[in-house]
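To start, the structure under review is shown below, and the notes come after it.
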Amino acid sequence: MKKVIVILLSTLALNASAQKTEGRIFYTETMTMDTKSMDTTENVFPPEMPKEAIEQIKAAMEKMRNPSFKKVLSFNTTASLYRDINKAGPASSSNEDGSVQVMVMTSAAEEARFTDLKNGSVVEQKEILEKKFLIKDAQKKYNWKITAVQKEIIGYTCQKAILIDKEDTVIAWFTPQIPVSVGPTVYGQLPGAILEVLSGNGDKKITADKVEFTKINEAELIAPKEGKEVTREKFEKIRQDKLKETGGEQIRMTTTVTIDDKQ
């Protein structure tokens, strides 16, 4: 009888482990923006704009110093797809009597990243000023340093890993409880799913909000196909050229000012 119980418990443990290798992880990406240039209003706003409207714009801009975007990672043991869920909403501000209303809309460039975990290839869809590009490449190899530091994220015990990537120090928190080497954006290659990443020297944070284990249909794990195919080197050149033209646009901001003349 003891042998039967041991075999049964072992089978249950294997089934439980198998169920945690397929599903979706929902993330929030938060960015710290440099909006200091907007603080110098005399060079930004037209002279005819009412002072009250300028103050409301500055108040709305202050709310957008840390915009956040929702993402989802669909995965199984052979592939993963990291993509947008929706765009960020507006930040608004108004004065006491409602005569001046300001709305600031933000939207990040639309991106998706498909990773073939079997052969180590990736297909990325990137966007520059609403024009889409496709990059097909081999998955970059990362030399993570795994530490003994642990913390809990949404109920999962996570372990800290550090990556020195050029001029950036990346910190990732992964959980062996989800035994698949996947993660948000370009990161992965750890002995468990990554639930949190700090990059950009702390200016960008990606944190998991929820994990759901479910059967992923093959149609959900398809590499993006929309966009002009270019090499990574060509894309970086195009991006740098556009950044020079636009003064560093990565997140687009549109400001709408409504003035209600009650005179």
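The values are calculated or read from the model by the stated rules, or taken from the named source; none is laboratory data. Bear in mind the structure is a predicted one, so any value in this text is a computation, not a measurement. Heads up, the Cβs are rebuilt from the backbone with ideal geometry, glycines too, and the neighbour counts pull from every protein chain shown.
Observations
- The residue pairs whose first member lies in the range 122-149 and is free of Cβ contacts under 8 Å to residues at least 12 places away in the same chain, whose second member is part of a strand (DSSP E or B), and whose beta carbons are closer than 6 Å, counting only pairs six or more residues apart or on different chains, are VAL149/LYS160.
- Candidates LYS132, LYS151: the one that is modelled with pLDDT of 90 or more, assigned to a strand (DSSP E or B), touching a strand residue (DSSP E or B) at 6+ places or on another chain (Cβ under 8 Å) and more than 22 Å from ALA172 (Cα to Cα) is LYS132.
- Scanning the range 177-199 for residues that are more than 19 Å from ILE85 (Cα to Cα), without any contact (Cβ under 8 Å) to a residue 60 or more places away in the chain and either touching a Cys at 6+ places or on another chain (Cβ under 9 Å) or among the basic types (Lys, Arg) (or both) yields one hit, GLY192.
- Residues satisfying the stated conditions in the range 163-185, i.e. modelled with pLDDT under 95 and surrounded by fewer than 18 Cβ atoms within 10 Å (Cβ to Cβ): ILE164, ASP165, LYS166, GLU167, ASP168, THR169
- Lone qualifier among LYS126, LYS210, LYS160 - being surrounded by 14 or more Cβ atoms within 10 Å (Cβ to Cβ), of a type in the set (D, E, K, R) and either touching a Ser or Thr at 6+ places or on another chain (Cβ under 7 Å) or closer than 15 Å to LEU73 by Cβ (or both): LYS160
- Of residues in the range 230-259 being surrounded by 12 or more Cβ atoms within 10 Å (Cβ to Cβ) and acidic (Asp, Glu), the one modelled with the highest pLDDT: GLU236
- Scan of the range 212-235 for residues that are assigned to a loop (DSSP other than H, G, I, E, B) and of a type in the set (Lys, Arg), ordered by number: LYS215, LYS225
- For the range 129-155, the candidate set comprises residues that are aliphatic (A, V, I, L, M) and surrounded by fewer than 15 Cβ atoms within 10 Å (Cβ to Cβ); within that set, the residue that is farthest from PRO176 (Cα to Cα) is LEU129.
- Search result, residues across the range 203-226 that are among the small types (Gly, Ala, Ser) and closer than 25 Å to GLY155 by Cβ: ALA208
- Unique match (being under 23 Å from SER121 (Cα atoms) and within 18 Å of the chain's Cα centre (by Cα)) among VAL230, VAL211, VAL170: VAL170
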